[in-house]
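K.L.:
Dropping a structure here in structure tokens format, bear with me for questions.
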Amino acid sequence: MDTASNTASAATAAHADFEGAIEVRGIEPVPDHERHGRVRELFPTWVAANISVLLLTMGASLVVFNKLNFWQVLVVAVCAAVVSFGMVGVLSVSGKWGGAPGALLSRAAFGVRGNYFPGAILWVARFGWETINAVTGAYAVLTVLDLLFGVKSNTALIVITLVAFVACTFLVSGMGRKALNVCNKWSTYLFGIFSVLVLVYLIANMAWSDVFSKPAGTTAMMIAGVGTIAAGGISWVPTGPDFARYLPHAASGRKIVGVTVSGAGLVMAPMVLMGAVMAVATPDLASAPDPVSFLGDILPTWIAVPYLITALVGMLLINSLSMYSAGFTAQTMGVKLPRAMAVSINAIISLVGGLLLMLVAKSFLGSFIAFLTLLAVSFSAWIGVYAVDMARRRGRSLRYDPDALMDTGRTSRYWYAGGFCWQAMTAWFVALVAGLCFTKVDWFTGPLATTWIGEHGLGWATTIVIAAVLSLALPKPREGAAETGREPTPRTKVPA
């Protein structure tokens with residue numbers, strides 16, 4: 001009898017584990033009894049979020065376009081990692097407070113209806129980020145095929161590789177948090193091993209006298225370089241709470257920030273620096289037609305192929321992490337699909353955008369840098385408003401109400417006036433327009449792009465400051481259905 005009982009219990013446990021392998025929870029806040037995450041689990045997540053060959057290309061652009069030397073690139077890379085992922089870590093703490101993804105917590109700042117507007121901008125920007133990563137992953141596959149089998153790229157092969165990459169991304173992101181954590185852990189080990197191998201090869205074979213003899217660039221180009229490299233990290237800021245929502249309330253906020261910055265910086269700074277070193281040996285690296293094939297020219301095949309394969313896995317995980325969060329954004333925007341299926345919208349759009357970029361666009365890097373610049377501004381307006389709202393909720397009694405977050409009707413605590421928090425909407429819109437005025441890319445130049453802020457590439461930083469200052473200067477929002485004169489509904493008790 002005991003044996004049968006034990007067998008049944010084991011089978012039940014195994015079945016529960018199997019079901020837990022695929023995350024079925026959507027945007028709804030995670031209840032306290034399911035908060036079993038650990039802060040250290042965030043480390044491989046943010047390592048994996050930066051396993052991208054694009055960082056090599058961006059490092060090369062600092063040498064070729066910004067005219068920076070080795071030491072300046074090092075400073076830029078470290079500053080960019082600390083600034084961008086410092087913001088990711090700080091705002092990730094709100095995920096622990098509310099147990100919900102950033103796209104949902106944003107309702108508390110902008111209002112139930114107001115949240116649709118910044119949410120739509122972030123969703124569209126995420127399409128672009130996923131498209132860029134899908135294209136890079138497809139180029140990695142094409143380069144490996146060329147190096148191993150001499151198969152040259154053609155239109156049919158481009159379509160096949162891009163479809164395969166997007167399909168794999170969709171499958172991994174659809175499985176959810178547990179699958180991503182396992183993949184992130186092992187990809188971190190593999191990529192770390194091969195990155196060290198590449199680094200050793202570069203140390204042994206590079207003409208270091210040429211590397212260190214390059215003259216220094218201007219301070220303006222260093223500051224602009226920080227913005228370019230930081231843009232990728234800034235795009236992860238609204239995503240941060242998504243990966244912290246399973247952490248218990250007792251988890252240390254300082255540890256969340258520290259693990260986030262250290263995980264990202266461990267990969268980000270060395271990759272950017274390696275790209276800069278490679279650019280000295282191959283000056284046309286930053287202007288190559290694709291961001292990957294140069295590795296076959298710089299590295300021997302026995303290093304280039306396994307390195308590209310591990311980088312390919314990394315880029316697949318980056319897109320999976322992004323699509324994972326995009327599923328939450330879609331649900332918050334009103335898409336009536338389970339999270340795993342909501343991801344399919346981003347998969348389809350990234351596939352179409354990737355085909356246009358690979359088959360139509362003339363310059364990958366030019367399109368990429370322009371996208372990064374606009375990406376940073378679009379995310380920064382949201383960051384400034386959200387950060388102020390989060391700061392106002394530092395007291396335990398003021399934190400997010402899970403019932404109100406899911407309530408999209410007039411009874412919601414976050415209904416404000418007609419579903420809009422006009423203070424947050426005003427600050428967000430003014431900051432977004434101002435940031436674009438300071439921005440200059442290949443096909444767009446804002447009217448203030450020639451000012452000191454514009455010339456130093458600080459449009460994104462200015463956008464954050466304007467959004468935050470306006471949020472503080474405008475009257476403090478009063479939660480509740482303001483247009484009816486009702487008092488806010490009683491707040492759900494938040495555990496200490």
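The values are calculated or read from the model by the stated rules, or taken from the named source; none is laboratory data. What you are looking at is a predicted structure, and each value in this text was computed from that prediction instead of being measured. Every residue, glycine as well, gets a Cβ built from its backbone with ideal geometry; the counts of neighbours run over all protein chains shown. The accessibility values were calculated without ligands, DNA or RNA, using every heavy atom of the protein model including side chains. Shrake-Rupley method; radii C 1.70, N 1.55, O 1.52, S 1.80 Å.
K.L.:
Could you sort 479, 130 by accessible area so the largest value comes first, with the probe set to 1.4 Å?
P.N.:
The ranking, largest first, comes out as 479, 130.
K.L.:
Contour minus end-to-end for residue 440 and residue 411, with contour as 0.36 nm per residue of separation and end-to-end as the Cα-Cα distance?
P.N.:
Values: separation 29, 0.36 × 29 = 10.44 nm, distance 4.36 nm.
Here the answer is 6.1 nm.
K.L.:
Compare 385, 64 by solvent-accessible area with a 1.4 Å probe and give them largest first, with all protein chains kept in place. Don't jump to the answer; show the numbers that get you there.
P.N.:
Working: 385 5, 64 30 Å².
Largest accessible area first, the residues go 64, 385.
K.L.:
Sorting 295, 359, 474 by accessible area (1.4 Å probe), largest first, what list results?
P.N.:
Working: 295 0, 359 80, 474 40 Å².
Greatest to least solvent exposure: 359, 474, 295.
K.L.:
Per the 1.4 Å probe, what fraction of the accessible area of the chain, in percent, lies on carbon and sulfur atoms? Let's see the in-between values first.
P.N.:
On the way: 13970 of 20180 Å².
Accessible surface attributable to carbon and sulfur in the chain totals 69 percent.
K.L.:
Now, a different point. Note down the net charge around residue 414, summing +1 for each Lys or Arg and -1 for each Asp or Glu among other residues with Cβ under 9 Å from its Cβ. Could you put the intermediate results ahead of the total?
P.N.:
Values: positive: 107, 413; negative: 401, 407, 479.
With Lys, Arg at +1 and Asp, Glu at -1, the net is -1.
K.L.:
Just how large is the dipole of the chain about the Cα centre, in debye to the nearest 20, putting +1 at every Lys and Arg Cβ and -1 at every Asp and Glu Cβ?
P.N.:
For the chain, the charge dipole is close to 1260 debye.
K.L.:
Can you give the Rg and Dmax of segment 265-339 based on its C-alpha atoms, in angstrom?
P.N.:
17.3, 52
K.L.:
Continuing with the same structure: How much length would be gained if the chain were fully extended between residue 124 and residue 433, taking 0.36 nm per residue of separation minus their Cα-Cα distance, in nm to one decimal? Each step should come with its number before you reach the end.
P.N.:
Values: separation 309, 0.36 × 309 = 111.24 nm, distance 1.68 nm.
Fully extending the segment from residue 124 to residue 433 adds 109.6 nm.
K.L.:
Moving on to the next point. Would you mind computing, in nm to one decimal, how far apart the modelled labels at residue 473 and residue 154 are, each placed 7 Å from Cα along Cα→Cβ?
P.N.:
6.1 nm
K.L.:
Using only Cα atoms, tell me the angle between helix 459-473 and the longest principal axis of the chain; keep it within 0 to 90° and round to the nearest 10.
P.N.:
Relative to the chain, helix 459-473 is tipped by roughly 20 degrees.
K.L.:
Can I ask one more? Give or take rounding to whole Å, what are the principal axis extents of the alpha carbon atoms in the chain, in descending order?
P.N.:
75, 70, 41
K.L.:
Suppose each label sits 7 Å from its Cα in the direction of the beta carbon; what would the residue 193-residue 205 distance come out to in nanometres?
P.N.:
It works out to 2.0 nm between the two label points.
K.L.:
Too long at a 28 Å Cα-Cα cut-off: which of 178/336; 185/255; 255/336; 185/336?
P.N.:
255/336; 185/336
K.L.:
Next question. How much of residue 185 can a 1.4 Å solvent probe reach, expressed as accessible area in Å² and rounded to 10?
P.N.:
90 Å²
K.L.:
Filter the chymotrypsin sites (Phe, Trp or Tyr not before Pro) in segment 381-461 to those in DSSP coil with at most 10 other Cβ atoms within 10 Å of their Cβ, and list the result.
P.N.:
Values: sites: 382, 386, 400, 414, 415, 416, 420, 422, 428, 429, 438, 443, 444, 452, 460; in loops: 400, 414, 415, 438, 443.
Answer in residue order: 443.
K.L.:
Over all distinct Cα pairs, what is the inverse of the mean 1/r for segment 152-301, reported as the Kirkwood hydrodynamic radius in Å?
P.N.:
Numbers: mean 1/r = 0.0526 Å⁻¹.
Taking every pair of different Cα atoms in segment 152-301, averaging 1/r and inverting gives 19.0 Å.
K.L.:
If you don't mind, there's one more thing I want to ask. Would you mind calculating the gained length between residue 282 and residue 297 on full extension (0.36 nm times residue separation, minus the Cα-Cα distance), in nm to one decimal? Present the calculation step by step, with values, prior to reporting the outcome.
P.N.:
On the way: separation 15, 0.36 × 15 = 5.40 nm, distance 0.89 nm.
Gain in length upon complete extension: 4.5 nm.
K.L.:
What number comes out for accessible area per residue over the chain if the probe is 1.4 Å? Units Å², please.
P.N.:
Values: 20180 Å² over 496 residues.
Using a 1.4 Å probe on heavy atoms only, each residue of the chain averages 41 Å².
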